[in-house]
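Readers should treat all values here as calculations from the given coordinates under stated rules, not as data from a laboratory. Predicted model, so just to flag it, every value in this text is computed and none were measured. When we count neighbours, we look across all protein chains shown, and the Cβ atoms used for this are built from the backbone with ideal geometry, even at glycine.
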Amino acid sequence: MKITTIGIDLAKNVLQIHGADERGKPVVRKQLKRDKVMAFFANMEPCVIGMEACGSAHHWARQLQSLGHEVKLISPQFVKPFVKTNKHDVADAEAICEAVSRPTMRFVPIKNVEQQAMLSLHRAREGFIVDRTATANRIRGLMAEYGLILPQGIGHVRSKVPELIEDATNELPGMFRRLIDQLLNHLRWLDEQIEMIEKEIHAWHRNNVDSQRLEQVPGIGVIIATAMIAMIGDARNFRNGRELSAWIGLVPRQHSTGGKQTLLGISKRGDAYLRKLLIHGARALAYHAGRKANPDHWLNKLINRRNMNVAVVAQANKTARIVWAMLAHGRDFRPDYASKAPA
């Protein structure tokens, strides 16, 4: 029997395979070690291969695409309803095979190596920022135990703590002074790592036309522009701007029934890091819009009617839709652009 659809349950060392023919009848079930996967699929006619969008999924997708197969990545939450029995590798592979064959299934765009490298820089930078904040708070808390209260802001930790541990008039013991000095050195090291990564991001931004185009949008800087390009890839994978915004998790959740629509808070689906960046950019835009005191500005009108956080999320939603229009149609940002209603 000819295999037309294959589901792969990914793992570190052993991958579970479930193949089905054009009628959905199971044809093959087997386990493959990592070093045997490419040889197995190289000797097979091109078919549709489904995998969950998890660790190493994009790597395997690129490798299998090079052999002529059509690879589709599925969000794990869409695979779970197809698991008929208890969860194990065989059942998961069968569920993936069945889910990938559904005509209305939504898939995750496959990222290339350049996109993954840029996202790795963003992940590492975010991790260093979290570590830096934790180190600064640790220093602040330890100093407070000796009655030395620091003002808010990480800049005060950098500027005031060295003077305090050098001051001989306070009661700080030598052991504690050496500990705080060690933490300050770690804080400086984290600053250096973040600065090095940001230089890499800026260098990539200067060589990417789409990233430079997105920087024209109010509320988007280099960090947000590079993250959007690396995460979205080809914007034409989305039908419209609302679909992109929903993919990021910036649209309301629904709990509707009986013809009555009930809209809740935003869904918060998709990548939390990208959603956070867009909301922070929208918050900065709301701050500057308020300082300009332009009552006719769209965002100021919304702030006057609704809560500030609601207006900020609405602006982030609007920014995501603008990004889709620019990337999908290859346009530059135009502040006075007005869409035309279809005839």
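Values for this structure:
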read-out: Environment charge of THR85, counting only residues whose C-beta is closer than 15 Å and scoring Lys/Arg +1, Asp/Glu -1; value: -1
read-out: Summed side-chain charge close to THR135 - residues other than THR135 whose Cβ falls under 14 Å, Lys, Arg +1, Asp, Glu -1; value: +1
read-out: Positive dipole terminus of region 172-280, leading residue within ALA235, MET196, GLY221 (C-beta point charges); value: ALA235
read-out: Test item: Cα-centred dipole of region 113-206, Lys/Arg +1 and Asp/Glu -1 on Cβ, debye; value: 120 debye
read-out: Prolate/oblate/rounded label for region 5-100 (Cα gyration tensor, a/c 1.5); value: rounded
read-out: Angle between the chain longest axis and helix 174-206 axis [Cα atoms, degrees, rounded to 10]; value: 50 degrees
read-out: C-alpha long axis of helix 154-166 to longest principal axis of the chain, angle in °; value: 50 degrees
read-out: Relative contact order of the chain, defined on C-alpha pairs under 8 angstrom at six or more residues apart (%); value: 11 percent
read-out: Fewest-first sequence of ILE220, ILE129, ILE197, ILE49 by Cβ atoms within 10 Å of each Cβ; value: ILE129, ILE197, ILE220, ILE49
read-out: Straight-distance crosslink candidates among lysines, where the alpha carbon sits under 19 Å from LYS12 and sequence neighbours closer than 8 are dropped; value: LYS30, LYS33, LYS36, LYS87
read-out: Gyration tensor verdict on region 209-329 (Cα atoms; rounded if a/c is under 1.5, prolate if a/b is larger than b/c, oblate otherwise); value: oblate
read-out: Between helix 272-292 and the chain: long-axis angle, C-alpha atoms, 0 to 90°, nearest 10; value: 50 degrees
read-out: Trypsin sites (Lys or Arg not before Pro) lying in DSSP loop within region 169-245, provided at most 10 other Cβ fall within 10 Å; value: ARG239
read-out: Kirkwood-Stokes translational diffusion coefficient of region 96-174, alpha-carbon pairs, 4 °C, 1.567 mPa s, µm²/s; value: 76 µm²/s
read-out: Segments 4-16, 137-149 sorted - mean Cβ within 10 Å per residue, highest first; value: 4-16, 137-149
read-out: Burial ranking of peptide ranges 74-86, 244-256 (average Cβ count within 10 Å, highest at the top); value: 244-256, 74-86
read-out: The chain shape via C-alpha gyration tensor axes, a/c threshold 1.5; value: oblate
read-out: Dipole in debye (nearest 20) - the chain, about Cα centre, beta carbon charges: Lys, Arg +1; Asp, Glu -1; value: 1300 debye
read-out: Charge sum, other residues only, whose C-beta stays under 12 Å from LYS268's C-beta, Lys/Arg counted +1 and Asp/Glu -1; value: +3
read-out: Set of aspartates and glutamates near LYS268 by C-alpha distance (under 16 Å), chain-local residues within fewer than 8 positions excluded; value: GLU243
